[in-house]
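Nothing in this text is a laboratory measurement; each read-out follows from the coordinates by a stated rule. Everything numeric in this text was worked out from a predicted model, so none of it was measured. Cβ: placed from backbone, ideal geometry, glycine included. Neighbour counts: every protein chain shown.
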Amino acid sequence: MDITKNKNVEQRLIEATKQLVCSTGPKKLSTREIANYAGVNHAQIHHYFGGKAKLLEETYKQLAIEHVEQFKNKNISINNLGSQPLSSGLINNYYQAIIRAVLDGELDLAKLQIESNLSMSKELLSQLAASKNLDKPTPEMKSAIALGLVIEFGLAAMEDYIEDLLDMNKDDKKMFMKLFIEARQIGLNKI
């Protein structure tokens, strides 16, 4: 048996699932749809993963790993959130997948990153507590991180709609992003 071929099929299925779960959501996504998108027979999902549930679990874990890697590559920490939304680029796929899982009532998928110790939100919360020489975060710290999450997830879910709804031009978008970054900092600045 060719191990490389097996990994290639597994990875194609995970990549297809990553793309589709962001637009369809985990509940409505079918194994046939995933297999067709990956260009493999749908029986491969059962062969490699035992079914849709395990494939979704592996996909969400991989999205979380990529999310952590992107944070590290961008050197994002509680002291350096940058001047861009965290929900840009590949990270946006992660946010959209989490949003879809939550809306579908699939909280176990959304929480996989916590159980796998891959939660950047928990990491930022830890960093925030450590920066204040505290053993554990305060309610204010949790609220500040929650505010940041709401803003980032809101942008990931609504950016295109907001731009269309408000007929935003380039200058409007520039002002929006400036205010977005300021809003994200509000909770952190109060602590």
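Observations on the structure shown:
- Choice from L107, L166, L20 showing the highest fluctuation, given a GNM over the chain with Cα pairs closer than 10 Å: L166
- Using alpha-carbon coordinates, inclination of helix 52-73 to the longest axis of the chain, degrees: 40 degrees
- What the pair-distance distribution of the chain shows, using all Cα-Cα distances binned every 5 Å from zero, is 1, 7, 14, 17, 17, 15, 11, 8, 6, 3, 1, 0 percent.
- Two-site FRET efficiency, A53 against S77, from Cβ-Cβ distance with R₀ of 41 Å, rounded to 0.05: 0.75
- Residue-wise HN-Hα couplings along the range 176-191, as the Karplus relation 6.51 cos²θ - 1.76 cosθ + 1.60 with θ = phi - 60° gives them from phi, are 4, 5, 4, 5, 4, 4, 4, 5, 5, 7, 3, x, 5, 5, 7, 8 Hz; Gly and Pro carry x.
- Helix content alone sets the calculated 222 nm mean residue ellipticity of the chain: runs of n ≥ 4 DSSP H residues at -39500 (n - 2.57) each, divided across all residues, give -24000 deg cm²/dmol.
- Among L124, L147, L134, residue whose mean-square fluctuation peaks in a GNM of the chain (springs only between Cα atoms under 10 Å): L134
- Karplus-derived 3J(HN,Hα), 6.51/-1.76/1.60, for each residue of the range 38-49, Hz, glycine and proline x: 7, x, 10, 5, 5, 5, 4, 4, 5, 5, 8, 10
- Angle between the chain longest axis and helix 139-165 axis [Cα atoms, degrees, rounded to 10]: 70 degrees
- Cβ crowding within 10 Å ranks V102, V21 as V102, V21, fewest other Cβ atoms first.
- Gyration tensor (alpha-carbon) shape descriptor, the range 119-191, a/c threshold 1.5: prolate
- C-alpha center-to-center spacing [the range 113-174, the range 14-79] in angstrom: 22 Å
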